[in-house]
Amino acid sequence: MTSVIASAQDAQKINERYFQAKVSELALRLEMTDSQKSKFIPVYRRYSEEMRATVGVKQRPTKPLTDKERLELTKRKMQRQQQAQTIRMRYIDKFANFLSAGQVSRLFEVESEIQRKLMLRRQQSNHQQ
């Protein structure tokens, strides 16, 4: 039980470090003022939590899938993508309360770039193991 709690705490620390690094990168690349950054952090945290709850963590199948299972997996993936897009749409106006239109537009582009880099880094580390 203690190891499960320690593992959960480690995951929380990693998630928080990742969040802070992501916020720093976004603030730098979007050229946010200190005032904008202080307003951005709590809104972006809520946004990130909603996205994580919706998208979840990718899991690789442990066994070969049937055609029916593949179709279901594809449908669920597209539903999650649709839900994620709905969340993004909801947050555009929230971010626009303290970021310029250009910054809001660029936010989602930069965030996608960061995600791609992270996925690539994870894939490379998995191949090295």
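The values are calculated or read from the model by the stated rules, or taken from the named source; none is laboratory data. Bear in mind that the values here come from a model prediction, so they are computed numbers and not experimental data. Cβ sites come from the backbone with ideal geometry, for glycine too, and all protein chains shown count toward neighbours. Note: areas computed on protein heavy atoms with side chains; ligands, DNA, RNA excluded. Shrake-Rupley method; radii C 1.70, N 1.55, O 1.52, S 1.80 Å.
Whether a residue is in a helix (DSSP H, G or I) and at pLDDT 90 or above was assessed, and R106 passes this test.
Just to be sure before I move on: is E31 at pLDDT 90 or above and part of a helix (DSSP H, G or I) in the structure I sent? For E31, the condition - at pLDDT 90 or above and part of a helix (DSSP H, G or I) - is not met. Would you confirm, using the coordinates I've provided, whether R70 is out of contact with any helix residue (DSSP H, G or I) (no Cβ under 6 Å at 6 or more places or on another chain), assigned to a helix (DSSP H, G or I), open to solvent by 40 Å² or more (accessible area, probe 1.4 Å) and closer than 14 Å to L26 by Cα? So R70 does not fit the description; no. One residue alone among K75, K94 is open to solvent by 70 Å² or more (accessible area, probe 1.4 Å), touching a helix residue (DSSP H, G or I) at 6+ places or on another chain (Cβ under 6 Å) and part of a helix (DSSP H, G or I), and that residue is K94.
Take the residues in segment 27-66 that are over 22 Å from A101 (Cβ atoms) and among the hydrophobic types (A, V, I, L, M, F, W, C); name whichever of them is surrounded by the fewest Cβ atoms within 10 Å (Cβ to Cβ). Once the filter is applied, the top-ranked residue is V57.
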